[in-house]
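The values are calculated or read from the model by the stated rules, or taken from the named source; none is laboratory data. In this text, all values refer to a predicted model and were calculated from it rather than measured experimentally. Here the Cβ positions follow ideal geometry from the backbone for every residue, glycine too, while neighbour counts run over all protein chains shown. Ligands, DNA and RNA are excluded from the accessible area calculation, which covers all protein heavy atoms including side chains. Shrake-Rupley method; radii C 1.70, N 1.55, O 1.52, S 1.80 Å.
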Amino acid sequence: MAEEQMEEASTAAATPFQLQFNKPIPFQIKMAEWNPEKDLLAMVTDDSKVVLHRFNWQRLWTISPGKCITSICWSPDGKIVALGTEDGLVLLHDVENGKMLRRIKSHDVAIVCLNWAEDEILSRTDKDSLLSYEDRTTRFFPPAPVIPRIGGLSSGDTGLADENEESIQEFSSASCQRFNILCSGDKGGCICFSIFGIFPVGKININEVPIHVQSSGNKTSYRLQDASISKVCLSGNLHQLVLLCPGKLIDIDSLSHSNHISAGLHCLHLDTSIFFSRKNELHQISQQASSIQDLVEVVRASLSMMAKQWSSAMNLFSEKFSALPSLIAAHGMESSCEDEFMSLLFGTRTSPALHQFLVSSLGEAALKRIAKAVDSAGRELRVIVSEHLQPAVEIISFRLAELRGLARWRSRFQNIGLDEKLIDGVTEKIGMLVVQVERFSRVAATVLYLFQNFFSWVLKCVKILLSEPTDQVPAANSELVVLFLKFLLDKDPIKQLLDANQRFKCDLDTVRHLEQLVVFGGFTDTQFLEKTLMKQFNELDESLEEAFSMPFTTISSQIYCQELLPLYPLTSLVDLSSTCTVTSVSFYKDDDSQNSGSSYSWTDYICFKIPDGSLNLKNCIGVIKDFSSSSASGLSISGFLLRIPDEYECIDVSLYKDSQIVVLLSERSSSDSPGRSYIVMLQTENFSFVPLSRTFPSNIYSAQELSVLELQLDTDYGKVRSIPHPVSAPLAVSASRGVACVFSSRRHALVYILDEDEDEDEDEASDME
């Protein structure tokens, strides 16, 4: 160990990149990402645990989501880490404690890449042109309610966090955030877009997107088949999305010709300018809609909790009182339970069956236990309604009214799918739900009052019958007891209101009155009182889903493929399905765009490793720029190929700041030595970019036109740092912090400072652990 430290120290003094530390790690890392705003590194282990470390390698937390993690990225502000899973879920976790904030089902198959992009404001003109938007809900309402938790019961799977309510409220308050979009790509070829990571606003399947290419004045149509998404990157101005996808490229006009089918890695440029041009409108819709969806989950959980609480109490009641019909039958009587209690109430006599039930089967202790269970359930129902259900419904109503006003601004919101008619329908549904909640409160109060009077009277009867055998019973409020016996002994109004399959009958006068109210602005659905509370909520949920799907569908239809660039072919379909591509895609702000007022542009860089044998090349890395800019600005696509020395192989690549590329090389293993590795930072300005001709289809992989440059580790192409042992992917690079983390095959994490002052290297090397 001492020899290795001496070797590292001597290397650090002679080469760039100070080694900050070298720490053993007890697990194998398969993914790692630096936080864009803080000195934090999130890592995913081989067994899908997520570990967060500080820059000094202090571990903050470890979580086990219980699912196979297939991708990871950070939110632009560094407060949330997003995880993609093998079964198509996006999990959003709080950076402070690892608590899950949201679970979103965006895909049907594994999510293999994530990219979270924020709208970049580059000039004062841009800032002044932003539409100021204030969430006015806080003016009129207290903080939004959270999912209820009473008596240790779980409200079920809602997709929201249930242990971190404060984070949910802050997370959902998107009016104070800069507009951002989370992009997720899966192995089935689908890309999903979510505003603030929580409101789905678009989805496309790359296998169904038509690709039109101009060649020699002719327009040729292509499409991808069996394509999966390996990398996505959205530009800072939200105009362009560059994606890499392995798949088969098919000439639609010549499907019968097998030579027009090519399997390989392709680069696509999608036009996503709708996000930029309508970002203010989308911001407002997503703010309201995501908050409404949160509150809908609160209502759903509240109704579920209420049903569980009441069902538990009624099960105990039914279990104890179910013995009475059997006793009546055993004594050869043909009366009902209601008849027996009526006889007891009006003092005629106490039948042997009822006497045995009250004294022996039920008893004073059991009756008190039932009364306590019903009373406790009643109190909990009141708490859920007053603190969760009713406030949630009222805030939903207010937010839908705000959306209704936006929907009437047709020139701004109609073309992004905010449908006025659908929003009007949802607004009516929420109004009816408000009435149903008030109705439930009144019915529940009446039912509990009747239960209380019935139990009080029966308890007195039991005490008298236990003290002395007599037919005399205590006086009671006969009207209340009769109401209980007639309406509650066989029927349960609370249970009926919480059952979506039940239906009530309204008298003709009530129906006629509701029909007359339509003229004065009443609900057009005059039969809503026949529905239960749960039925009304289900209808609201369906209407909301339909209304919010319209922006999703509308935005999806306005995202299209603008450019195609086949990068390299794959020799077999097996390669297509099993290739783990080494790629990196990033956008850089143009230097000369800072002084051009409100107009600015972004330059994309695409870096990829070419499999040996493809394009008759070996051990090569390709670099291409201006792919997404070529069609809009008239710039030509250009690039170069970099050949790695034969004794090394490229483990991973990462685009760095200022158009720099960080390459991780490992010496090919031999029996004599374990091998060394190198971390290389290349300046792309030191290489000659060759324009691509973009001809189709005779020379479909135009990367063959690029010149091949030899990488010499002792030249001035960039900075090189030697590592005295083999390394493995991933390579985690932070442009904001100027650091890189690599992982050795001996399960060590090595963090290097990429932008240090080289004059201080020798002094700083002595601080290495």
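Against the definition (open to solvent by 10 Å² or more (accessible area, probe 1.4 Å), of a type in the set (A, V, I, L, M), closer than 22 Å to F537 by Cα and in contact (Cβ under 8 Å) with a residue 12 or more places away in the chain), how does A307 come out, yes or no?
yes
When you check M342 against the structure, is it assigned by the TED database to the domain that holds F484 and more than 21 Å from K460 (Cα to Cα), yes or no?
So M342 does not fit the description; no.
Here is a check on your reading of the model: is P76 touching a Pro at 6+ places or on another chain (Cβ under 9 Å) and closer than 18 Å to L731 by Cα?
For P76, the condition - touching a Pro at 6+ places or on another chain (Cβ under 9 Å) and closer than 18 Å to L731 by Cα - is not met.
Might you let me know whether the stretch 389-396 holds any residue that is open to solvent by 50 Å² or more (accessible area, probe 1.4 Å) and either among the hydroxyl-bearing types (S, T, Y) or under 30 Å from E281 (Cβ atoms) (or both)?
Within the stretch 389-396, one or more residues are open to solvent by 50 Å² or more (accessible area, probe 1.4 Å) and either among the hydroxyl-bearing types (S, T, Y) or under 30 Å from E281 (Cβ atoms) (or both).
Residue-by-condition table, conditions (1) modelled with pLDDT under 90; (2) within 29 Å of the chain's Cα centre (by Cα); (3) in a strand (DSSP E or B):
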site: P551; (1), (2), (3): no, yes, no
site: C561; (1), (2), (3): no, yes, yes
site: L564; (1), (2), (3): yes, no, yes
site: L576; (1), (2), (3): yes, yes, no
site: S584; (1), (2), (3): no, yes, yes
site: D592; (1), (2), (3): yes, no, no
site: N595; (1), (2), (3): yes, no, no
site: S598; (1), (2), (3): yes, no, no
site: D612; (1), (2), (3): yes, no, no
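Which pairs have Cβ atoms under 6 Å, sit 6 or more apart or on different chains, and link a residue in the stretch 126-150 that is open to solvent by less than 100 Å² (accessible area, probe 1.4 Å) to one that is at pLDDT below 85 and of a type outside the set (D, E)?
D126/S598; Y133/S175; D135/S175; I147/S155
So, in the stretch 196-221, of the ones that are crowded, with 23+ Cβ neighbours inside 10 Å and touching a Leu at 6+ places or on another chain (Cβ under 6 Å), which residue ends up modelled with the lowest pLDDT?
Out of the qualifying residues, it is G197.
Regarding the stretch 417-428, can at least one residue be identified that is within 17 Å of M550 (Cβ to Cβ), in a loop (DSSP other than H, G, I, E, B), open to solvent by less than 40 Å² (accessible area, probe 1.4 Å) and at pLDDT below 95?
The answer is yes, given that some residue of the stretch 417-428 is within 17 Å of M550 (Cβ to Cβ), in a loop (DSSP other than H, G, I, E, B), open to solvent by less than 40 Å² (accessible area, probe 1.4 Å) and at pLDDT below 95.
State which residue pairs qualify: first residue in contact (Cβ under 8 Å) with a residue 12 or more places away in the chain and inside the stretch 732-752, second residue acidic (D, E) in any location, beta carbons under 6 Å apart, and separation of 6 or more residues or different chains.
Partner pairs satisfying both residue conditions: G738/D755.
Select from the stretch 354-366 the residues that are modelled with pLDDT under 85 and hydrophobic (A, V, I, L, M, F, W, C) and list them in ascending order.
Once the filter is applied, which keeps residues that are modelled with pLDDT under 85 and hydrophobic (A, V, I, L, M, F, W, C), the stretch 354-366 yields L354, F357, L358, V359, L362.
Please determine whether any residue of the stretch 264-282 is open to solvent by 20 Å² or more (accessible area, probe 1.4 Å) and touching a Ser or Thr at 6+ places or on another chain (Cβ under 8 Å).
Scanning the stretch 264-282 turns up no residue that is open to solvent by 20 Å² or more (accessible area, probe 1.4 Å) and touching a Ser or Thr at 6+ places or on another chain (Cβ under 8 Å).
Is at least one residue of the stretch 379-387 open to solvent by less than 40 Å² (accessible area, probe 1.4 Å) and touching a Pro at 6+ places or on another chain (Cβ under 6 Å)?
Yes, the stretch 379-387 contains a residue that is open to solvent by less than 40 Å² (accessible area, probe 1.4 Å) and touching a Pro at 6+ places or on another chain (Cβ under 6 Å).
For the stretch 678-769, which strands (runs of 3 or more DSSP E) that fit wholly inside it have 2 or more residues that are at pLDDT 65 or above and closer than 30 Å to G78 by Cα?
718-723, 727-734, 739-744, 748-753
Within the stretch 150-171, is there a residue that is at pLDDT 85 or above and in a strand (DSSP E or B)?
no
Just to confirm my filter: which strands (runs of 3 or more DSSP E) fall fully inside the stretch 10-91 and include at least 3 residues that are over 22 Å from the mean Cα position of the chain (by Cα) and buried (at least 21 other Cβ atoms within 10 Å of the Cβ)?
Result: 18-24.
Inspect all residues belonging to the stretch 185-192 and state whether any of them is farther than 26 Å from C561 by Cβ and at pLDDT 70 or above.
no
Which condition number in (1) more than 17 Å from the chain's Cα centre (by Cα); (2) part of a loop (DSSP other than H, G, I, E, B); (3) of a type outside the set (S, T, Y) is the one that G197 fails?
(1)
What number goes with the only condition from (1) open to solvent by 70 Å² or more (accessible area, probe 1.4 Å); (2) at pLDDT 85 or above that H331 does not pass?
The one condition H331 does not meet is (2).
Which residue pairs have Cβ atoms under 8 Å apart, sit 6 or more places apart or on different chains, and have a first residue in the stretch 102-116 that is open to solvent by less than 30 Å² (accessible area, probe 1.4 Å) and a second that is in a loop (DSSP other than H, G, I, E, B) and hydroxyl-bearing (S, T, Y)?
C113/S230; W116/S75
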